[in-house]
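Below: the structure, in structure tokens.
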Amino acid sequence: MCGIFGVRGVEDAGALAHLGLYSLQHRGQESAGIVAVDQNGEARAVRSMGLVSEGLRTDATSALRGSMAIGHTRYSTAGSSTIENAQPVLARFRDGHIALAHNGNIVNATELRRELEDQGAIFSGSMDSEILVHRIARSRCERPEDKLAEALRGVEGAYSLAVMIGDTLLAARDPRGWRPLVMGRLGDGFVLASETCALDIVGATHSCDVQPGEIVIIDSEGVRSIMLPEKKELKRCVFEYVYFARPDSRIFDGGSVDHARRELGRRLGRECPAPTADLVFGVPDSANAAALGYAEQTGLPLEFALIRNHYVGRTFIQPNQAGRVQKVKVKYNPVREVLQGKSVVMIDDSIVRGTTTRGLVALVRQAGAREVHMRISSPPVTGPCYYGIDTPSREELIGANMTIPQIADHIGVDSLGYLSLEGMLESVPGGPHGFCHACFSGDYPTPPPTDPDKLRFGCGC
């Protein structure tokens, strides 16, 4: 999962992209970057490892002049955490420059990359996003939108894109619509972003979503769009509602993330009550809304029993296991006065590897909780994601290798309850149909990659 941002027709577009990336930091903490195009058509890039605040300092981005820019916050799949793979990708070719920011994963990247290498292509990094740049550069089409459409022909998997070709800004979304992408207006200019929260922070007004299979073209003539010829069944990522997107965002044609998470919690309260509990609390921040819904449904008082250190990143999207373990130790602290002697319901959005959950339960026990009942506002994660989430193998997934009683014993809780697949799909806006839930159900919309290790050099978005 990554965050992408684009702007055209606004003065100091690079600075605006810098601001927009702060609101998309939750979507990727490994690296960040901006490419801006000045009035002379010259493209300049700034990229760095780490958070937006760490690497993209104001003094570094101040040189990014012009009224068009794209930005990217990166969350990689395992094994590809290098500056060479930081985005946006910037390349020069016969017609000028190409800059590209990608959120998603291309499942047939191995085959596409091998084909390009056989034709003499040289890659500077290992991410699948670079494949798209090569394909755009090789197109003989004249118009930027036709170059992009040709490049996307035969590409399978998830992609939401912000692309600059010459003086044209383009946005594209795969025909299944896996990843969100929204568009807004800012004065006479246009803004693209992964979520509406990024539009809010820059003062843009949300106008529409980029539709599945749509290419939006923003140039000197205004805005227009074309549709990719291939139609496919809608498969929006349900995990965006469960965990990834910010609760103040609206995604997938206006669906409220906050509303979805509250409803997930209410449904969880109906399916998995805890009759002996004294109170309920959520694992901050992504489970707060679900905990509120659970409290509303069950009548249990909602408490703030865990305090999160907001200067520590999201543990799930750390690029390696050691990083996740370390972050758990410094990220949370229990409120003893709330927990002492109480039977508690602890709400979280998911259990992926179990590392974070086991550590949190131990903290709650140490703070004096008498009983700990764990409730999860999604089903067990039992399969890898091939479309951008860092679950590359079943071996890493606790839900694929243990029964629910075994998981409960492993993480140290008195009881464990998961929301049903049906309950999750019926709780999200626009459900129950039109969502990808392969990581929960095993129902994959595409054949798995021929080389699963490919995911270790994916864009990681």
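Tabulated data for the structure shown
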| quantity | calculated |
| --- | --- |
| Helical mean residue ellipticity (222 nm; -39500 (n - 2.57) per DSSP H run of 4+; nearest 500) of the chain | -7500 deg cm²/dmol |
| Glu115 paired with Val335, simple spin-label distance in nm, labels 7 Å along Cα-to-beta-carbon | 5.6 |
| Rough spin-label spacing in nm, given labels placed 7 Å along Cα→Cβ, for Arg308 and Glu142 | 5.2 |
| DSSP-loop trypsin sites (Lys or Arg not before Pro) across segment 50-133, with at most 12 other Cβ within 10 angstrom | Arg94 |
| Burial ordering of Leu425, Leu116, fewest other beta-carbon atoms within 10 Å first | Leu116, Leu425 |
| Cα→Cβ-extended label distance, 7 Å offset, between Ala91 and Ile404, nm | 4.8 |
| Under 13 Å from the Cα of Lys331 - aspartates and glutamates, other chains or at least 8 residues apart | Asp285 |
| Two-site FRET efficiency, Arg365 against Ala63, from Cβ-Cβ distance with R₀ of 41 Å, rounded to 0.05 | 0.20 |
| Cross-link reach list, aspartates and glutamates versus Lys231, counting only Cα pairs under 20 Å and skipping chain neighbours closer than eight places | Glu145, Asp146, Glu150, Glu156, Asp174, Asp209, Glu214, Asp253, Asp443 |
| Segment 3-235 - charge dipole about Cα centre, Lys and Arg +1 at Cβ, Asp and Glu -1, debye rounded to 20 | 220 |
| Neighbour-count ranking [beta-carbon atoms within 10 angstrom, fewest first] of Arg153, Arg370, Arg176, Arg44 | Arg153, Arg370, Arg44, Arg176 |
| Residues in segment 217-238 that a label on Asp443 would reach, taking backbone N under 19 Å of a point 7 Å out along Cα→Cβ | 232-238 |
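The numbers here are math on the coordinates, done by the rules we state, and not lab data. This structure is a prediction, so every number in the text was calculated from the model and none was measured. Backbone-built Cβ (ideal geometry, glycine too); neighbour counts: all protein chains shown.
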